[in-house]
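K.L.:
Okay, here's the structure, questions in a sec.
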Amino acid sequence: MRILAIETSCDETAISIVEAQGNEKEAQFHVLGNALLSQIELHRQYGGVFPALAKREHAKNLVPILEAALEEAELLHEDTQAIPEEMHDKIAEILSREPGLAEAFFAFVTECETPDIDAIAVTAGPGLEPALWVGINFARALALLWQKPLVPVNHMEGHIVSALAVSDGDTLRIENVALPVLALLISGGHTELVLMKNWLEYELIGETLDDAVGEAFDKVARMLELPYPGGPEISRLAEQVRSDAGASEEHRLSNIDLPRPMLNDAACNFSFSGLKTSVLYLLKKTPDLTEREKQHLAHEFENAVTEVLWKKTARALEETGARMLVIGGGVSANTHIRRSFTKNIEEQYPDVVLRIPSAALTTDNAIMIALAGFYRALRKDFAEDIKADGNLRLAQH
Ligand code: KG4
Ligand code: ZN
């Protein structure tokens, strides 16, 4: 099955084309084309993602990104396509909310053959609704024109299944999945522990009561006057302290201790807003940090976050008896988190298999949407009328 997948839930416009084979027990994926345009540079001036701008950029970028993905997949063949008037009107209506999108769409599709694909998958949520809508309407227009089934995908399911994938040369494989699987989903909008009891059936084990962990990274980075997104910046500073550990120098933050919120609380929920506030107070008390002091603060912050994430995950492993642990979402790109979890699993839960996505699959992309779309298509979870749902849930308590 060849899937074209579209992701526009946040600040990445991404389309990928993936050839998928197999079934729920054993599947292989070949990425034929993958085009992604990050808007990070544009949003940086706002210190975060600005929804109206994200929506406009998606509308501007979708056609070129589609062209690039098809081209890479060698599925772009020139041809003149006449579109029947009734269909033309319907598509124009679907795309009417995005100025200029219908024009760009028709200019492109009337010049190329219907590509050899079997289904179109698109992120339906969670995410920024205005941004989601652009991708959904674009997918609906393509599905109508090319007469392909449409598969709505939950972005978080994309993070989970892509985290299960093991890369083997240029093939991704999802096999030997030992259920139940516990997933720690950590991104800019989410911090959740989700149990996949049966394949694609989820139960929420814990979640953040306030800020998402990526959000905490971004906010603390902002307090330190580091650019958006803050996760990689904090990580870079913190790693500098680790790489010269033992260097004994005295400065105002050499002995700081940030709190580990809810560390010993009996549930698997998280809270990061108190940690963020502690950083704020600390900065008020100790203004004008030197570069070295910033590194120490980033280091302590990252340690606090990692410790809380691990402790809650360990509790969830105990409670659920999960046989496999996956970590997904943008924050799973974090070196210290990856290293700590790998070490802790080896030492404390040697029977649990840990899978963390490869670097290219950690932050938002369309390959993960194609993977989840494949499983949903196998189950014939098709839909013609997809609605954006900013708060789409994967699982309930
Ligand atoms: O999954 P993602 O790309 O988008 C959302 O769905 O939110 O996650 C983005 C988040 C941002 O908050 C970013 O700061 C964080 O992931 N992030 C990191 C790292 N790389 C990205 N956080 C910590 N360390 C990193 N290396
Ligand atoms: Zn994400």
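The values are calculated or read from the model by the stated rules, or taken from the named source; none is laboratory data. Just so it is clear, the structure is predicted and the values come from calculations on it, not from any experiment. Glycine also receives a Cβ, built like all others from the backbone with ideal geometry; neighbour counts cover every protein chain displayed. These area figures cover heavy atoms from the full protein model, side chains too; ligands, DNA and RNA do not enter into them. Shrake-Rupley method; radii C 1.70, N 1.55, O 1.52, S 1.80 Å.
K.L.:
Testing residue 68 on (1) assigned to a helix (DSSP H, G or I); (2) touching a strand residue (DSSP E or B) at 6+ places or on another chain (Cβ under 6 Å); (3) crowded, with 21+ Cβ neighbours inside 10 Å, one condition comes back false. Which one is that?
P.N.:
(3)
Residue by residue, here is whether (1) out of contact with any helix residue (DSSP H, G or I) (no Cβ under 8 Å at 6 or more places or on another chain); (2) at pLDDT below 95; (3) not in a helix (DSSP H, G or I) holds:
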residue: 210; (1), (2), (3): no, no, yes
residue: 218; (1), (2), (3): no, no, no
residue: 241; (1), (2), (3): no, yes, no
residue: 263; (1), (2), (3): no, yes, yes
residue: 281; (1), (2), (3): yes, no, no
residue: 288; (1), (2), (3): yes, yes, yes
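K.L.:
Looking at the range 292-311, can you tell me whether even one residue there is among the aromatic types (Phe, Trp, Tyr) and away from ligand 1 (no atom under 14 Å from the Cβ)? If you could, list the steps in order and put the result at the bottom.
P.N.:
So in the range 292-311, the residues among the aromatic types (Phe, Trp, Tyr) come out as 301, 310.
Of the ones still in play, those that are also away from ligand 1 (no atom under 14 Å from the Cβ) are 310.
Looking through the range 292-311, at least one residue is among the aromatic types (Phe, Trp, Tyr) and away from ligand 1 (no atom under 14 Å from the Cβ).
K.L.:
Do we have residue 345 as of a type outside the set (S, T, N, Q) and within 16 Å of ligand 2 (Cβ to nearest atom) here? So that I can check it myself, show each step before the final result.
P.N.:
Details: of a type outside the set (S, T, N, Q): yes; within 16 Å of ligand 2 (Cβ to nearest atom): no.
Here the answer is no, as residue 345 does not meet what is asked.
K.L.:
Which members of the range 96-113 meet the condition of being open to solvent by 30 Å² or more (accessible area, probe 1.4 Å) and assigned to a loop (DSSP other than H, G, I, E, B)? Before you say what the answer is, go through the steps one by one.
P.N.:
We begin by selecting, within the range 96-113, every residue open to solvent by 30 Å² or more (accessible area, probe 1.4 Å); these are 96-97, 99-100, 103-104, 107, 110-111, 113.
Within the range 96-113, 96, 97, 99, 100, 110, 111, 113 meet the criteria.
K.L.:
While we're on this one: The conditions are (1) open to solvent by less than 80 Å² (accessible area, probe 1.4 Å); (2) over 30 Å from residue 1 (Cα atoms), and residue 81 fails exactly one of them. Which is it?
P.N.:
(2)
K.L.:
Looking at 180, 115, 130, 126, which one is closer than 22 Å to residue 385 by Cβ and away from ligand 2 (no atom under 16 Å from the Cβ)? It would help to see each step written out before you state the result.
P.N.:
Working: 180 fails: closer than 22 Å to residue 385 by Cβ; 115 fails: closer than 22 Å to residue 385 by Cβ; 126 fails: away from ligand 2 (no atom under 16 Å from the Cβ).
Matching residue, one of 180, 115, 130, 126: 130.
K.L.:
Tell me which of these residue 334 doesn't satisfy, since it passes every other one: (1) touching a Ser or Thr at 6+ places or on another chain (Cβ under 6 Å); (2) more than 27 Å from residue 69 (Cβ to Cβ); (3) modelled with pLDDT under 95.
P.N.:
Single failed check for residue 334: (3).
K.L.:
Quick one: in the range 7-29, of everything that is away from ligand 1 (no atom under 11 Å from the Cβ) and open to solvent by 10 Å² or more (accessible area, probe 1.4 Å), which residue is nearest to residue 165 (Cα to Cα)? Working first, answer last.
P.N.:
Of all residues in the range 7-29, those away from ligand 1 (no atom under 11 Å from the Cβ) come to 8, 13, 15-29.
In the following step, the residues that additionally are open to solvent by 10 Å² or more (accessible area, probe 1.4 Å) were identified as 19, 21-26, 28.
Working: 19: 14, 21: 13, 22: 13, 23: 14, 24: 12, 25: 12, 26: 11, 28: 9 Å.
Ranking the qualifying residues of the range 7-29, first place goes to 28.
K.L.:
Go through (1) in a helix (DSSP H, G or I); (2) within 29 Å of the chain's Cα centre (by Cα) for residue 127 and report which single condition fails.
P.N.:
(1)
K.L.:
Also, quick follow-up: Just checking, how many residues over the range 144-183 are of a type in the set (A, V, I, L, M), in a helix (DSSP H, G or I) and open to solvent by less than 10 Å² (accessible area, probe 1.4 Å)?
P.N.:
Applying the first criterion (of a type in the set (A, V, I, L, M)) to the range 144-183 yields 144-145, 150-151, 153, 156, 160-161, 163-166, 172, 174, 177-179, 181-183.
Filter again for in a helix (DSSP H, G or I), leaving 144-145, 156, 160-161, 163-164.
Cutting the leftovers down to open to solvent by less than 10 Å² (accessible area, probe 1.4 Å) gives us 156, 160-161, 163-164.
Residues meeting the conditions: 5.
K.L.:
Of the conditions (1) farther than 30 Å from residue 18 by Cα; (2) β-branched (Val, Ile, Thr); (3) away from ligand 1 (no atom under 16 Å from the Cβ), residue 386 fails just one. Which one is it?
P.N.:
Failing condition for residue 386: (1).
K.L.:
Now for a separate question. As an exercise: evaluate residue 137 against (1) among the polar types (S, T, N, Q); (2) away from ligand 2 (no atom under 14 Å from the Cβ); (3) within 30 Å of residue 338 (Cβ to Cβ); (4) open to solvent by less than 50 Å² (accessible area, probe 1.4 Å) and give the number of the one condition it does not meet.
P.N.:
So residue 137 meets the others, but not (3).
K.L.:
Moving on to the next point. Considering (1) at positive phi; (2) in contact with a Ser or Thr (Cβ under 8 Å, 6 or more places away or on another chain), say which one residue 102 fails and leave the rest.
P.N.:
Condition not satisfied by residue 102: (1).
K.L.:
So, of the residues in the range 338-379 that are touching a residue at least 60 places away in the same chain (Cβ under 8 Å) and near ligand 1 (Cβ under 10 Å from one of its atoms), which turns out to be most open to solvent (accessible area, probe 1.4 Å)?
P.N.:
Ranking the candidates gives 363 first.
K.L.:
What are the pairs with Cβ atoms under 7 angstrom where one residue, in the range 149-171, is under 13 Å from residue 370 (Cβ atoms) and the other, located anywhere, is assigned to a helix (DSSP H, G or I) and among the aromatic types (Phe, Trp, Tyr)? Sequence gap at least six, or different chains.
P.N.:
The qualifying pairs are 161/375.
K.L.:
Residues being within 19 Å of the chain's Cα centre (by Cα) and of a type in the set (Phe, Trp, Tyr): count how many of those fall in the range 1-59.
P.N.:
Residues in the range 1-59 being within 19 Å of the chain's Cα centre (by Cα) and of a type in the set (Phe, Trp, Tyr): 2 in total.
K.L.:
Can I ask one more? Failed condition for residue 316, given (1) small (Gly, Ala, Ser); (2) more than 16 Å from ligand 1 (Cβ to nearest atom); (3) within 24 Å of residue 236 (Cα to Cα), with all others met?
P.N.:
Here residue 316 meets the rest and fails (3).
K.L.:
Being out of contact with any Pro (no Cβ under 8 Å at 6 or more places or on another chain), under 12 Å from residue 302 (Cα atoms) and near ligand 1 (Cβ under 9 Å from one of its atoms) is the filter here; which residues of the range 203-237 pass it? Give the steps one after another, and end with the answer.
P.N.:
Within the range 203-237, the first condition is being out of contact with any Pro (no Cβ under 8 Å at 6 or more places or on another chain), and the residues that meet it are 203-213, 215-216, 219-220, 222-232, 234-237.
Now drop any that are not under 12 Å from residue 302 (Cα atoms), which leaves 213, 216, 220, 230-232, 234-237.
Once the filter is applied, which keeps residues that are out of contact with any Pro (no Cβ under 8 Å at 6 or more places or on another chain), under 12 Å from residue 302 (Cα atoms) and near ligand 1 (Cβ under 9 Å from one of its atoms), the range 203-237 yields 213, 216, 230, 231, 232, 234, 235, 236.
K.L.:
Further, regarding this structure: One residue is enough: does the range 279-286 have a residue meeting the conditions under 28 Å from residue 362 (Cβ atoms), open to solvent by 30 Å² or more (accessible area, probe 1.4 Å) and touching a residue at least 60 places away in the same chain (Cβ under 8 Å)?
P.N.:
no
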